[in-house]
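The values are calculated or read from the model by the stated rules, or taken from the named source; none is laboratory data. Computed from a predicted model, the values in this text were never measured in an experiment. Because the Cβ atoms are built from the backbone with ideal geometry, glycine has one as well, and the counts that use them run over all protein chains shown.
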Amino acid sequence: MCLEGGNRPAGQGRFLTRILAQYPAILDLATYLSLNKWFGVSNLTNMSNHQAIIRAFYEEIWNKHDTSQISELLHEDFAFRGSLGQERHGHAGFAAYVDFVHAALSDYRCEIQEMIAEGNKAFARLLFSGMHRAEFFGYQPTGKRVEWVGAAVFTFAGEKISALWVLGDVHGLLQQLANNARP
């Protein structure tokens, strides 16, 4: 990690670098903005900032179902490929996919289990869950909770997500849907 810019005492950048390297979870977007204001840090590492953007992506767009955040977090040429058989491009296409998932699975949640970032790429290991409320993969709604694991690979263009490829345990999800459909 590197911190550049600002008029700070010698060693302050190295101190912040060590802290952020040891405790990346403490750095969210608010922390980034505060450090930039108070310490004159002009370019915190992209890795930590990208992790904050990914956290906001899952919390705001997916967990809160707030598609108004799409333009804030995703590049205008955003490309998405998901393990649920969907490939979407642009903000409107991705918003339709988010709505599709939320219609089928109420109380839909994405929980980040692990995250790694390097350069303009980031990886997240995830747990997806929701209540089966509408037809999904050909299964009629059961009102039962389903959950499955997955992984996502993000590509960034500057400070926005430009591409996302999600690989989920669809086999495990289909087994749950089949088991839940049995009387």
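So PHE156 ticks every box in (1) within 21 Å of ASP107 (Cβ to Cβ); (2) touching a helix residue (DSSP H, G or I) at 6+ places or on another chain (Cβ under 6 Å); (3) crowded, with 17+ Cβ neighbours inside 10 Å but one. Which box is left unticked?
PHE156 satisfies all of (1) within 21 Å of ASP107 (Cβ to Cβ); (2) touching a helix residue (DSSP H, G or I) at 6+ places or on another chain (Cβ under 6 Å); (3) crowded, with 17+ Cβ neighbours inside 10 Å except (1).
Inspect all residues belonging to the range 105-121 and state whether any of them is more than 19 Å from ILE54 (Cα to Cα), at pLDDT 95 or above and in contact with a His (Cβ under 7 Å, 6 or more places away or on another chain). Step through it out loud before you land on a result.
Here is the first cut: in the range 105-121, the residues more than 19 Å from ILE54 (Cα to Cα) are 105-107.
From what's left, at pLDDT 95 or above: 105-107.
So of that shortlist, the ones also in contact with a His (Cβ under 7 Å, 6 or more places away or on another chain) come out as 105.
Checked against the condition, which is being more than 19 Å from ILE54 (Cα to Cα), at pLDDT 95 or above and in contact with a His (Cβ under 7 Å, 6 or more places away or on another chain), the range 105-121 yields at least one hit.
Restricting attention to the range 133-140, does a residue exist that is without any contact (Cβ under 8 Å) to a residue 24 or more places away in the chain and not aliphatic (A, V, I, L, M)?
yes
Might you let me know whether the range 139-146 holds any residue that is under 19 Å from PHE57 (Cα atoms), of a type in the set (Val, Ile, Thr) and either at pLDDT 95 or above or surrounded by 15 or more Cβ atoms within 10 Å (Cβ to Cβ) (or both)? First the steps, then the outcome.
First, pick out the residues of the range 139-146 that are under 19 Å from PHE57 (Cα atoms): none.
No, that holds for no residue.
Output yes when any residue across the range 175-183 is of a type outside the set (A, V, I, L, M), in a strand (DSSP E or B) and surrounded by 15 or more Cβ atoms within 10 Å (Cβ to Cβ), and no when none is.
Here is the first cut: in the range 175-183, the residues of a type outside the set (A, V, I, L, M) are 175-176, 179-180, 182-183.
Keeping just the survivors that are in a strand (DSSP E or B) gives none.
Within the range 175-183, none of the residues are of a type outside the set (A, V, I, L, M), in a strand (DSSP E or B) and surrounded by 15 or more Cβ atoms within 10 Å (Cβ to Cβ).
Could you list, in sequence order, the residues of the range 122-138 that are under 12 Å from the mean Cα position of the chain (by Cα) and modelled with pLDDT under 95?
Taking the range 122-138 first, the residues under 12 Å from the mean Cα position of the chain (by Cα) are 122-128.
None - no residue of the range 122-138 is under 12 Å from the mean Cα position of the chain (by Cα) and modelled with pLDDT under 95, so the list stays empty.
Out of (1) modelled with pLDDT of 95 or more; (2) within 19 Å of ASP107 (Cα to Cα), the odd one out for HIS171 is which?
(2)
Which is in contact with a Gly (Cβ under 6 Å, 6 or more places away or on another chain) and among the β-branched types (Val, Ile, Thr), of VAL166, VAL98? Talk me through it step by step, then tell me what you get.
Details: VAL98 fails: in contact with a Gly (Cβ under 6 Å, 6 or more places away or on another chain).
When all the criteria are applied, what remains is VAL166.
Out of ALA103, ALA117, ALA134, I need the residue that is among the hydrophobic types (A, V, I, L, M, F, W, C), closer than 23 Å to LEU74 by Cβ and either touching a helix residue (DSSP H, G or I) at 6+ places or on another chain (Cβ under 8 Å) or part of a strand (DSSP E or B) (or both). Which one?
Working: ALA103 fails: either touching a helix residue (DSSP H, G or I) at 6+ places or on another chain (Cβ under 8 Å) or part of a strand (DSSP E or B) (or both); ALA134 fails: closer than 23 Å to LEU74 by Cβ.
Result of the check over ALA103, ALA117, ALA134: ALA117.
Would you check which residues across the range 77-86 are over 15 Å from the mean Cα position of the chain (by Cα) and at pLDDT 95 or above and list them?
Selection gives ASP77 alone.
Only one of (1) loosely packed, with under 15 Cβ neighbours inside 10 Å; (2) in a strand (DSSP E or B) fails for ALA92. Which number is that?
Among (1) loosely packed, with under 15 Cβ neighbours inside 10 Å; (2) in a strand (DSSP E or B), ALA92 violates only (2).
Can you find a residue in the range 149-160 that is over 15 Å from the mean Cα position of the chain (by Cα), assigned to a strand (DSSP E or B), among the hydroxyl-bearing types (Ser, Thr, Tyr) and at negative phi?
Taking every residue of the range 149-160 in turn, none turns out to be over 15 Å from the mean Cα position of the chain (by Cα), assigned to a strand (DSSP E or B), among the hydroxyl-bearing types (Ser, Thr, Tyr) and at negative phi.
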